[in-house]
Amino acid sequence: MEIKLIALDMDGTALDSDHATVPERNIAALRAAAEQGVVVVIASGRPWAHLRTAAEQIGCVRYALTANGASALDIAQSRWLWNLGIPEQQRRELIRLLLDRGIPVEAYAHGDSYIQWDRREQVIANAQPEGYGRTVRENSLFTMDLNAALEGQVVEKLHLFHVPPEARSSLVEEIHALGPIGLDSAFRTNLELVSPGVNKAMALERLCRGLGLGPENVMAFGDAGNDEGMLRWAKWSFAVENATQQAKAAARYTTGSNSEGGVGMAIERWLLAEEGQD
């Protein structure tokens, strides 16, 4: 069998439309693949604290690439493989800018999400749909002073839940003025800040290199802008039906929507069945 590893985006892809529940069809197919020796990997923009419950639902996830690939966790060994962060002074200045501009922001550090206490309701209100907002509320750390709480930590990502379209270009200019930064988006109004060069494709390639695997061994699933590089890199790449047109163009194949269990559909056809790998 050529496919040795499955890489899963979560929101809009492996999770149902509530952004909290994994469809049973996906769970069954992923477990069947794992029983055949296939390595199951989460590749998400979320921090590990917001992925743990979904990973438990699946039940066979070995690695988690989190914060758009800025960090990687070996779940079986409870060991971080890497954590790539934004420089401290730049992080301080970015957070001051975002708080001053009233942008709902959370910071990811060592698998946790940090949110300033007086902005918590603003952040949660923009964490849509409701299921994701509940995940954020129940699994984040709330602090009186965000920058102070992050001192001495590797901050892997700053997630801006909602940037008003009319303010986006000017905010991006101000962000770039504070130093080199990687910018990405998972949906139209959010913005994701990471260390330059960090993305899901980089992280997936790095993990696979350590496992002795290449793109021909990887089945990857995604739906949005921050998945496009990963979808272009993997030979067996699938965009779910609800994906953006850009993600579909980056993928080799399409499958059913996230709410239909499109991940499970593709695994059943291309990996579990005897036919299909051409």
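The values are calculated or read from the model by the stated rules, or taken from the named source; none is laboratory data. Just so we're clear, the structure is a prediction, and the values are computed from it rather than from any experiment. Virtual Cβ from ideal backbone geometry, glycine too; neighbours counted across all protein chains shown. Accessible surface is based on the protein model in full, side chains and every heavy atom, while ligands, DNA and RNA are left aside. Shrake-Rupley method; radii C 1.70, N 1.55, O 1.52, S 1.80 Å.
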Tilt, helix 24-35 to longest principal axis of the chain (alpha-carbon atoms), in degrees rounded to tens, equals 70 degrees
Once both labels are modelled 7 Å past Cα along the beta-carbon direction, what's the THR143-GLN245 spacing in nm?
4.2 nm
Solvent-accessible area per residue, Å², over the chain with all protein chains present [probe radius 1.4 Å]
40 Å²
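Is the C-alpha gyration tensor of the chain telling us rounded, prolate or oblate? Criteria: a/c under 1.5 is rounded; beyond that, a/b larger than b/c is prolate, otherwise oblate. Please report the intermediate quantities before stating the final value.
Working: a/c = 1.78, a/b = 1.73, b/c = 1.03.
Note, shape of the chain comes out prolate.
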Starting from the 7 Å offset along Cα-to-Cβ, what nm value, one decimal, do you get for the label separation of VAL172 and LEU97?
1.3 nm
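Which percent, to the nearest 5, of DSSP beta bridges fully inside the chain are antiparallel? Provide the component values of the computation, followed by the final result.
Numbers: 22 of 44 bridges.
Expressed as a percentage, antiparallel bridges in the chain total about 50.
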Helix 130-139 sits at what angle to the longest principal axis of the chain, using alpha carbons and giving 0 to 90 degrees rounded to 10?
70 degrees
Residues in the stretch 94-137 near a label at ARG188, defined as backbone nitrogen under 17 Å from the 7 Å Cα→Cβ point?
126-129
Just want the answer: with Cβ charges of +1 for Lys and Arg and -1 for Asp and Glu, which residue in HIS162, ALA224, GLY212 is farthest toward the dipole's positive end in the chain?
GLY212
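With a 1.4 Å probe and all protein chains left in place, how much of the accessible area of the chain comes from carbon and sulfur atoms, in whole percent? Write out the running numbers ahead of the final one.
On the way: 5370 of 11240 Å².
Percent of accessible area from carbon and sulfur atoms in the chain: 48.
Rg/Rh for the stretch 83-228 to two decimals, with Rh computed the Kirkwood way over all alpha-carbon pairs.
My calculation of the ratio gives 0.98.
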Helix 88-100: inclination vs the chain longest Cα principal axis, degrees, rounded to 10, gives 70 degrees
